[in-house]
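No lab work stands behind these numbers, since they all come straight from the coordinates. Everything quoted here is computed from the prediction, not taken from an experiment. Here the Cβ positions follow ideal geometry from the backbone for every residue, glycine too, while neighbour counts run over all protein chains shown.
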Amino acid sequence: KMQVALGLPSIGGKDSKFSINSFSRLSMNSSLSYSGNGEETTVEEILSSQNLQEGRTTSISLNENFSFVFRNDWMEARLGGVLGYNRAWYTIKTNQNAETWNNQVTGEINATLPWKMEIKTDGRYFIYHGYADGYNENKMIWNAEVAQPLFKNKLTLRLKVYDILNKSKNINRSTTDNYVQDSWSNTLGRYVMLSLTFKFGNFADAGKFMPHRGPGGRGPGGRGPGGPGPR
């Protein structure tokens, strides 16, 4: 198994409102297996069998992730995409050599309004190609969040909505030397979360109320230099 990852430096200065990011990953995997006619029933019979057929599966996966970012004093917007290519080769059933594409178009907006309300929303549009009939259905996943600080930022009221369109599901392809299997499974789906968060004082503020240690290593009332010893 081999993996190669390459991330290009972000294009755009520290103070620039625009930046472009790119990340690429290439992985290759090769596996070897042996299959028989089913007559062997024990490990010894399998190891000594002359009817085993050798099969090798080689797969390659290529992913490119890129994004374009705009930011100013109150908003950050991100638009990008993911190109995912997968290909497998088999030595037993060469007619099953198949390729799939898992592509995405992504978008995200984070904004802070003048009264400190935070609004976040993100979406991913998944584009599938190369799977079995019924598995190439595209889907849109959309999430949104609103947060409002209260009482001088001591409390934060937050409302999150996940998978607003209720389209979330996972698609998976399993490949071996003699079969290809596509499957999908439902995820948690659409749900709403309402939370109220209380922010406690930090350690820096707490330090203002802590007694200072004297040269003797103790606080007020403790033993200092020249103080009385233990009784």
Handout entry: Exceeding the 31 Å Cα-Cα cut-off - candidates K120/K199; K120/K167; K17/K169
Key = K17/K169
Practice task
State the answer as a single residue: which of L150, M140, I164 lies farthest towards the positive end of the charge dipole of the range 124-176, with beta carbon charges of +1 for Lys and Arg and -1 for Asp and Glu, about the Cα centre.
Solution key: L150
Fill in the blank from the handout: Rounded to 0.05, the calculated FRET efficiency for the beta carbons of M117 and F70 at R₀ = 25 Å is 0.75
Problem - Net charge of neighbours whose Cβ lies under 10 Å from the Cβ of G189, counting Lys and Arg as +1 and Asp and Glu as -1 - result: +2
Practice task
Within the set of other residues whose C-beta is less than 11 Å from the C-beta of V146, count the net charge using Lys and Arg as +1 and Asp and Glu as -1.
Solution key: +1
Practice task
Decide, for the range 84-166, between rounded, prolate and oblate: order the square roots of the alpha carbon gyration tensor eigenvalues as a ≥ b ≥ c, take rounded if a/c falls under 1.5, and otherwise choose prolate if a/b is larger than b/c, else oblate.
Solution key: prolate
